[in-house]
Amino acid sequence: MKQSLLFAKTTREITHDEISLNAQLLIRAGFISKIMAGVYALSPLGLKVLKKIEDIIRSEINAIGGQEVLMPALQPQTNWEKTKRWNTYDGLIKLGLNEEKNLVLGPTHEEIIAPWAKKFIFSYQDLPRYVYQFQNKFRGEKRAKSGLLRGREFIMKDLYSFHESEKDLDQYYDKVAEAYIRIFRKMGLEEKTYFTYASGGTFSQYSHEFQTLTPAGEDIIYICDKCRVAVNREIIEDQKHRCPKCGNQELREEKAVETGNIFKLGTNYSRPFDLNFVNQKGIKKPVIMGCYGIGLQRLMGTIVEIYNDERGILWPKKVAPFDLHLISLNKNQETEKTYATLSQEFDVLYDDRDLSIGEKLAEADLIGLPLRLIVSDRSLEAGGYELKKREEKESQIIGVEDLMETIGKIIR
């Protein structure tokens with residue numbers, strides 16, 4: 001992609017009410033544009049990051065048997081009345097085609113997936129099943145002040161599982177937890193992300209969250225360094241400030257943001273819709289369910305909160321919108337050839353604009369691609385091109401004959 005054609009520009013203008021670091025950096029670097037509080041448009045740069053995150057998640061969920069579907073955002077009032085959440089779900093956005101508000105902009109999809117699954121699940125032979133989607137969610141968030149960490153419209157990966165027994169649910173629940181750890185590892189978040197005990201509702205003692213440490217987080221967690229798990233503040237008193245796993249009382253308090261969650265729903269949503277199956281003994285039983293969520297924009301914002309410096313963003317290579325930033329300093333003909341060659345194997349953002357050296361380098365640092373490659377008189381006289389990793393201060397000269405191999409080793 002030539003930067004002169006990119007449907008995005010960097011900017012210095014940030015509204016005074018945009019106090020979160022993730023939104024400030026993403027707006028300045030041209031990844032997102034604020035439409036209103038809690039609602040952001042994604043530029044091609046931002047969408048490429050989101051799609052990288054989506055691809056990582058999809059790969060891991062497919063690997064544990066997930067089948068991708070797409071459910072509607074519009075949901076009927078009657079379904080929410082059956083689960084008794086029409087008047088109790090906090091932040092539910094209601095609307096109607098006529099004067100009566102009898103529709104919901106879906107904040108979650110239990111009310112859709114359970115009656116839909118009823119059309120396919122009849123017998124124990126139809127179980128287990130695992131389906132997931134990437135879908136826009138809408139929540140009447142009253143405190144939309146943390147940029148992408150707390151939005152009113154956002155894309156969620158929600159996975160639903162259907163089981164004949166609690167044992168089968170428990171086994172899949174653990175598989176999802178392991179898949180989440182792999183997802184966070186690929187995004188560079190594993191070291192700062194903790195498997196966290198949270199309130200479990202009516203079916204199980206605990207639900208679990210994946211909490212990622214950042215000063216921008218609005219949650220407080222208590223970490224057990226002995227077994228590397230955490231406890232959410234909402235249940236720490238019930239646990240008498242002990243680790244639920246090992247009993248350790250030496251827990252340290254940290255701020256974090258919830259980047260994923262997993263719940264054992266039990267029969268809470270199968271019973272209202274008569275989602276049943278006939279077991280091996282010919283007895284009708286309610287299907288047991290689990291649900292597992294990850295917010296994509298929230299992950300994107302969390303990555304930026306963690307990976308940045310005084311000059312801008314430092315994207316981990318697996319989620320960076322491009323592999324490298326190619327910059328021409330008055331050597332456009334030579335750089336055009338290099339761009340054509342590099343584009344055969346790599347995703348390249350080529351700054352072909354007529355700007356000063358200082359402006360190009362400052363914008364490159366702000367955008368934060370993993371690698372920067374400069375073609376200039378000085379680099380050519382030194383024997384090649386100037387290659388620099390975003391997080392490092394020093395660059396190196398790479399000869400033309402070694403360029404593809406060197407970049408390949410770094411990127412992959």
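The values are calculated or read from the model by the stated rules, or taken from the named source; none is laboratory data. From a predicted model like this one, the values you see are computed outputs, not experimental measurements. Glycine gets a Cβ as well: all are built from the backbone with ideal geometry, and neighbour counts include every protein chain shown.
At a glance:
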item: Whichever residue in the stretch 130-147 is in contact with a Gly (Cβ under 9 Å, 6 or more places away or on another chain) and at pLDDT 95 or above and, among such residues, is farthest from Gly46 (Cα to Cα); result: Tyr130
item: Residue among Phe210, Phe203, Phe277 that is over 22 Å from Ala177 (Cβ atoms) and assigned by TED's automatic domain parsing to the domain that holds Arg143; result: Phe277
item: Index of the failed condition, Ala23 passing every other in (1) touching a residue at least 60 places away in the same chain (Cβ under 8 Å); (2) surrounded by fewer than 17 Cβ atoms within 10 Å (Cβ to Cβ); (3) touching a helix residue (DSSP H, G or I) at 6+ places or on another chain (Cβ under 8 Å); (4) hydrophobic (A, V, I, L, M, F, W, C); result: (2)
item: Single match in Ala41, Ala29 (criterion: in the same structural domain as His109 (by TED's automatic domain parsing), modelled with pLDDT of 95 or more and touching a Leu at 6+ places or on another chain (Cβ under 9 Å)); result: Ala29
item: Residues (surrounded by 17 or more Cβ atoms within 10 Å (Cβ to Cβ) and either without any contact (Cβ under 8 Å) to a residue 60 or more places away in the chain or farther than 13 Å from Gln133 by Cα (or both)) located in the stretch 65-82; result: Gln75, Asn79, Trp80, Lys82
item: Count - residues of the stretch 242-269 that are farther than 30 Å from Gly151 by Cβ and surrounded by 13 or more Cβ atoms within 10 Å (Cβ to Cβ); result: 7
item: Filtered residues of the stretch 359-382 (kept if modelled with pLDDT under 95, outside any loop (DSSP other than H, G, I, E, B) and surrounded by fewer than 17 Cβ atoms within 10 Å (Cβ to Cβ)); result: Asp377, Arg378, Leu380, Glu381
item: Counted residues, the stretch 160-180 - those being in a helix (DSSP H, G or I), crowded, with 17+ Cβ neighbours inside 10 Å and under 24 Å from the mean Cα position of the chain (by Cα); result: 5
item: Residue in the stretch 404-411 that is outside any strand (DSSP E or B), touching an Asp or Glu at 6+ places or on another chain (Cβ under 7 Å) and of a type in the set (Val, Ile, Thr) present; result: yes
item: Options Ile14, Ile27, Ile19: the member that is of a type in the set (Val, Ile, Thr) and in contact with a Phe, Trp or Tyr (Cβ under 9 Å, 6 or more places away or on another chain); result: Ile27
item: Any chance Asp351 is loosely packed, with under 13 Cβ neighbours inside 10 Å and outside the structural domain of Phe184 (by TED's automatic domain parsing); result: no
item: Answer residue from the stretch 6-50, given it is polar (S, T, N, Q) and closer than 21 Å to Asp352 by Cβ and is farthest from the chain's Cα centre (by Cα) among those; result: Thr11
item: Hits in the stretch 204-244 (condition: of a type outside the set (Val, Ile, Thr), in a loop (DSSP other than H, G, I, E, B) and touching a residue at least 40 places away in the same chain (Cβ under 8 Å)); result: Ser204, Pro215, Ala216, Gly217, Glu218, Gln239, Pro244
item: The stretch 328-358, subset assigned to a loop (DSSP other than H, G, I, E, B) and among the basic types (Lys, Arg), residue nearest to Phe31 (Cα to Cα); result: Arg353
item: Answer residue from the stretch 271-302, given it is of a type in the set (Val, Ile, Thr) and touching a Gly at 6+ places or on another chain (Cβ under 7 Å) and is nearest to Lys2 (Cα to Cα) among those; result: Ile294
item: Residues that are among the polar types (S, T, N, Q) and surrounded by 19 or more Cβ atoms within 10 Å (Cβ to Cβ), drawn from the stretch 226-241; result: Asn232
item: Test for Ile35: is it surrounded by 14 or more Cβ atoms within 10 Å (Cβ to Cβ), without any contact (Cβ under 8 Å) to a residue 24 or more places away in the chain, at negative phi and assigned by TED's automatic domain parsing to the domain that holds Arg150; result: no
item: Qualifying positions in the stretch 351-381 - in contact (Cβ under 8 Å) with a residue 60 or more places away in the chain and within 20 Å of Glu391 (Cα to Cα); result: Asp351, Glu363, Leu366, Ile367, Gly368
item: The stretch 104-152: number of residues that are buried (at least 20 other Cβ atoms within 10 Å of the Cβ), within 24 Å of Thr259 (Cβ to Cβ) and either small (Gly, Ala, Ser) or not assigned by TED's automatic domain parsing to the domain that holds Glu258 (or both); result: 4
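For (1) over 25 Å from Glu191 (Cα atoms); (2) surrounded by fewer than 23 Cβ atoms within 10 Å (Cβ to Cβ), each residue gets a yes or a no:
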{"position": "Leu299", "(1), (2)": "no, no"}
{"position": "Val304", "(1), (2)": "no, no"}
{"position": "Lys317", "(1), (2)": "no, yes"}
{"position": "Ile327", "(1), (2)": "yes, no"}
{"position": "Asn330", "(1), (2)": "yes, yes"}
{"position": "Glu334", "(1), (2)": "yes, yes"}
{"position": "Lys337", "(1), (2)": "yes, yes"}
{"position": "Ala340", "(1), (2)": "yes, yes"}
